[in-house]
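Okay, structure first, notes after.
The values are calculated or read from the model by the stated rules, or taken from the named source; none is laboratory data. Worth saying up front: this structure is predicted, and the values here are computed from it rather than measured. Don't worry about glycine lacking a Cβ; one is built from the backbone with ideal geometry, like all the others, and counts go over all protein chains shown.
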Amino acid sequence: MRWDSEERRSGGHREHSIDDMGTKIIYFTVNGRPEQAEFPVDCPAQSLKDLFRSAAEAGPHDILKLYNPKGNIINISPALEPNAPNSCYKLEVVAADCNSEPLGILGLKVKRGILGDFERKLQSLEKKILIEAGETPAIVYEMKKQVDSFREKLESVEHLSWLGLFKDLSEGAHKPSPFYHKRALHKTREECEHVRETFLEMSSLQVSEEVRQYLKTPTFDNWQWEDAEIMVLLQVMYTDLDFTASFNIEAEVLQHFLFEVYRHYNNIPFHNFKHCFCVTQMMYGLIWLTDLRNKMESVDLLIMLTSAVCHDLDHAGYNNAYQINARTELALRYNDISPLENHHCAVAFEILEKTESNIFRNLAVDQYKRIREGIIKCILATDMTRHNEILNKFKSILPAFDFNNKEHRDVLMMILIKVSDISNEARPMEVAEPWLDCLLQEFYNQSDVEKLEGLPVTPFMDRDKVTKPSSQTGFIRFVLLPLFIELANLFPCLEQHIIHPVRKALDYYTEMEKALERESQNWAQSENAAKAKETAADGHADDAASASKPDQ
Ligand code: 5GP
Ligand code: MN
C-alpha cells in the first residue's frame, strides 16, 4: 500500500486501475500535483484515509475532501471507483489543524484550555459531517461563529491577548514565535472612526486658556481625558508652540497626522496612546518650564515634540529582550539592534510619507532632512540599553554646556526625550500610580509568555519576584534620580517640578516596601507559631497515647 507522485514514478501509467493481485490504483491531484495511491481492495478504511492524509501532508486532525472529476465530494473508502490518470480525483485539505507539531513541542497544548478543546471538537465534528453528508450544515457554521466571537472577546482582554496565537498560526507558518502577533492588539476600524469623528467635531471648539496653561505643567492629569480630547490637546501643543504658523502646517494635515498616530498605537496596558500623550505632554511642559523657546531653534523643538508623539508607535507590549530572544520579525529585520525603536521610527516616517498626513510637507528638502535626522536620533535614544552611554555623554559636556554647539544640543535633545519617556513618577501620585499598575500588567504578561515559551524570563518582569515597591525603589534610585539630577544641573528650576515629586515617590514606595516586609515577617512568625503549636499538640497527643498504653 503506497502513494506516489508523478515525478517519482519511473515508467508510464498502467492501463487498468485494479491489477491481478487485487490492488486498486487511484489517480488524484493535491494542490495541482498529480499523485497516485495503490491499496488492496480489502484494506481498512482508516488506513486508506491515512494514506491520503500523508499524500496531502495533512495533520491527524485536518479535514480532507476528495472530489470526483465531476466536482462532487466523495467518501474516502476502499470502495472508491477506480479511475484513469486522465480523469483524476482532486484531494483538498480544507481545515488545517493548528494544534499540530510546533505548539505540541512547546508543551502548549494543555495551556490553550477550553477554547482549544472546543475548536478541536468542532473540527472533528465538521470532519465527520463532511464525510457523511458531504457539506457543512448551518448549525455547525453557527457554532463556529460563536467560537470565533468568544475568541475575539478573549483577545480583547489585554492580559490574555496572547491567545490570539490561534489566528496567527493560520496566517503563516514561518513566524518564529507563536506568540508574536499584533493583529489582536490593533484598534478596530469602528473604534478609530468614532474617535476620529469626535476629534474632528471637538477640534473646532476653543480650548480654554485655563486648560492651555494647565497643559504646560507636569501636574497635568491625563486620566481625565478621552482619546479624542487628547488629540485636541496635542493639536493645541503644535499651535501654542507656533509650529503650525512657523512651519506652515495646515490644520487638516495636523489632524490627519494625529489621527494616524492614534491609530498606530495599540490597545495594550502601558505603551499605548495615553503613554504617547504623557511623554509628549512632559516634553511640552519641559520646553515651557526651561524657557527653551529662547534657547534653541524652533525646528529643534518641533523635532523633540514630534519624536515624543511618535516614540512608541505600534509597540506590541514586548520589549527588545523578548524580541531578540523570541527571534521575532522585528529582531530579524533590525538585526537585534534596537528593534523596537527602529520600528517606532520607521512607522513614524511611513505616516509622514503620505502627503495628507505629512506635517512637514511644506518644508524645504534640507529642512525635512534635518528634521528626519533629528527624529531618528531622538527616538533611537529611548532604547534604555543606551541609558548610561547617553547620560555619561551629557555629564561630560555639562560643565561647558553651550546652546550654540550642535553636538551639545543633540545630546540635550536625547536627554529631554529620555526624561519625558520615564517621567511618570514625576507626576502627582494619583496620576503616577495607575501608570505603574499598567506597566506591571504589561511586564507580567511578557514574563508569563516567556515562561510559556521557554525563553529567558526578564527578571524585573517576573510576577513571582516583582512587586510595586520593589519595582520602583531601585528604578527611582538608580535610573530616575541620577538622570533627572543631571538635567536639573543645567536647568535648576526643574528641581521643584520633577525632582521633588520623584523623591516623594521614593519615600512612598520605600515605606510600602517596609510595610510589605513587616507583613511577610509577621506572616512567617505566625506560620512558625502555628507550626510550633501543631508540633506541641502532636507531642501531647503522643504523650497521651503512650500514657494510655498499658504497661508492658
Ligand atoms: P519606554 O520607551 O519603553 O516607554 O520606556 C523605557 C522603559 O523604562 C520602559 O519600558 C520600562 O522598562 C522602564 N520604565 C519606565 N518607567 C518606569 C517606571 O516607572 N518603573 C519602572 N520600574 N520602569 C520604568
Ligand atoms: Mn515610551
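Sort out which residues of the stretch 419-430 are part of a helix (DSSP H, G or I) and more than 16 Å from ligand 2 (Cβ to nearest atom), and write them in order of number. Quick ask: steps written out before the conclusion?
Within the stretch 419-430, the first condition is being part of a helix (DSSP H, G or I), and the residues that meet it are 419-421, 424-426, 429-430.
Listed by number, the residues that qualify are Met429, Glu430.
Within the stretch 419-433, track down each residue that is more than 8 Å from ligand 1 (Cβ to nearest atom), surrounded by fewer than 21 Cβ atoms within 10 Å (Cβ to Cβ) and under 23 Å from the mean Cα position of the chain (by Cα).
Selection gives Glu433 alone.
Considering the stretch 281-326 alone, what residues qualify as being away from ligand 2 (no atom under 13 Å from the Cβ) and within 20 Å of Asn358 (Cβ to Cβ)?
The answer is Ser298, Val299, Asp300, Leu301, Leu302, Ile303, Met304, Leu305, Thr306.
Pick from Asn388, Asn392: which is closer than 16 Å to Asn489 by Cα and either within 11 Å of ligand 1 (Cβ to nearest atom) or polar (S, T, N, Q) (or both)? It would help to see each step written out before you state the result.
On the way: Asn388 fails: closer than 16 Å to Asn489 by Cα.
So the residue among Asn388, Asn392 that is closer than 16 Å to Asn489 by Cα and either within 11 Å of ligand 1 (Cβ to nearest atom) or polar (S, T, N, Q) (or both) is Asn392.
Scanning the stretch 434-483 for residues that are more than 10 Å from ligand 1 (Cβ to nearest atom) and small (Gly, Ala, Ser), which turns out nearest to Lys418 (Cα to Cα)?
It comes out as Ser447.
Scan the stretch 264-272 and tell me whether some residue there is farther than 26 Å from Asp242 by Cβ, more than 13 Å from ligand 1 (Cβ to nearest atom), within 15 Å of the chain's Cα centre (by Cα) and not polar (S, T, N, Q).
yes
Of the residues in the stretch 43-58, how many are out of contact with any Pro (no Cβ under 7 Å at 6 or more places or on another chain) and either surrounded by 16 or more Cβ atoms within 10 Å (Cβ to Cβ) or of a type in the set (D, E, K, R) (or both)? Even if it seems obvious, please write down each step before you answer.
Of all residues in the stretch 43-58, those out of contact with any Pro (no Cβ under 7 Å at 6 or more places or on another chain) come to 44, 46-47, 49-58.
Keeping just the survivors that are either surrounded by 16 or more Cβ atoms within 10 Å (Cβ to Cβ) or of a type in the set (D, E, K, R) (or both) gives 49-53, 55-58.
The qualifying residues number 9.
Taking Leu416 as meeting all but one of (1) within 16 Å of ligand 2 (Cβ to nearest atom); (2) in a helix (DSSP H, G or I); (3) within 24 Å of the chain's Cα centre (by Cα), write down the number of the exception.
(3)
Taking the criterion of being more than 16 Å from ligand 2 (Cβ to nearest atom), over 25 Å from Trp288 (Cβ atoms), surrounded by 14 or more Cβ atoms within 10 Å (Cβ to Cβ) and without any contact (Cβ under 8 Å) to a residue 24 or more places away in the chain, would at least one residue in the stretch 483-494 satisfy it?
For the stretch 483-494, residues more than 16 Å from ligand 2 (Cβ to nearest atom), over 25 Å from Trp288 (Cβ atoms), surrounded by 14 or more Cβ atoms within 10 Å (Cβ to Cβ) and without any contact (Cβ under 8 Å) to a residue 24 or more places away in the chain: absent.
Restricted to the stretch 224-266, and to residues that are within 16 Å of ligand 2 (Cβ to nearest atom) and in a loop (DSSP other than H, G, I, E, B), which residue is farthest from Leu302 (Cα to Cα)?
Taking the stretch 224-266 first, the residues within 16 Å of ligand 2 (Cβ to nearest atom) are 230, 234, 261-262, 264-266.
If we keep only those that are in a loop (DSSP other than H, G, I, E, B) as well, we get 264-266.
Working: His264: 20, Tyr265: 21, Asn266: 24 Å.
The qualifying residue farthest from Leu302 (Cα to Cα) is Asn266.
Just to check your reading of the model, which residue among Thr355, Thr385 is within 15 Å of ligand 2 (Cβ to nearest atom), farther than 21 Å from Tyr265 by Cβ, surrounded by fewer than 16 Cβ atoms within 10 Å (Cβ to Cβ) and of a type in the set (Val, Ile, Thr)? Walk me through it before giving the result.
Working: Thr355 fails: within 15 Å of ligand 2 (Cβ to nearest atom).
None of the other options fit; the residue is Thr385.
Under 7 Å between Cβ atoms, which residue pairs at least 6 apart in sequence (or on different chains) link something in the stretch 265-281 that is more than 14 Å from Thr382 (Cβ to Cβ) and acidic (Asp, Glu) with a partner that is within 12 Å of ligand 2 (Cβ to nearest atom) and part of a helix (DSSP H, G or I)?
Correct list of pairs: empty, since none qualify.
Looking at this structure, is Ile376 assigned to a helix (DSSP H, G or I), touching a helix residue (DSSP H, G or I) at 6+ places or on another chain (Cβ under 6 Å) and crowded, with 18+ Cβ neighbours inside 10 Å?
On the way: assigned to a helix (DSSP H, G or I): yes; touching a helix residue (DSSP H, G or I) at 6+ places or on another chain (Cβ under 6 Å): yes; crowded, with 18+ Cβ neighbours inside 10 Å: yes.
Answer is yes for this residue.
Hey, does the stretch 438-460 have a residue that's surrounded by fewer than 21 Cβ atoms within 10 Å (Cβ to Cβ), away from ligand 2 (no atom under 16 Å from the Cβ) and at positive phi?
yes
Can you list the helices (runs of 4 or more DSSP H) found entirely within the stretch 281-347 that contain at least 3 residues being within 14 Å of ligand 1 (Cβ to nearest atom) and within 19 Å of Asn424 (Cβ to Cβ)? Let's see the steps before the verdict.
Values: elements: 298-310, 320-325, 329-333.
By residue number, 298-310.
Checking the condition β-branched (Val, Ile, Thr) and at pLDDT below 95, which residue from Val211, Val157, Val236, Val232 passes?
Details: Val211 fails: at pLDDT below 95; Val236 fails: at pLDDT below 95; Val232 fails: at pLDDT below 95.
Exactly one of Val211, Val157, Val236, Val232 is β-branched (Val, Ile, Thr) and at pLDDT below 95, namely Val157.
Considering only the stretch 387-405, I want to know if a residue exists there that is touching a residue at least 40 places away in the same chain (Cβ under 8 Å) and within 28 Å of the chain's Cα centre (by Cα).
Within the stretch 387-405, the subset touching a residue at least 40 places away in the same chain (Cβ under 8 Å) is 387, 391, 394-395, 398, 401, 403.
The next check asks that each one be within 28 Å of the chain's Cα centre (by Cα); those that pass are 387.
Yes, some residue in the stretch 387-405 is touching a residue at least 40 places away in the same chain (Cβ under 8 Å) and within 28 Å of the chain's Cα centre (by Cα).
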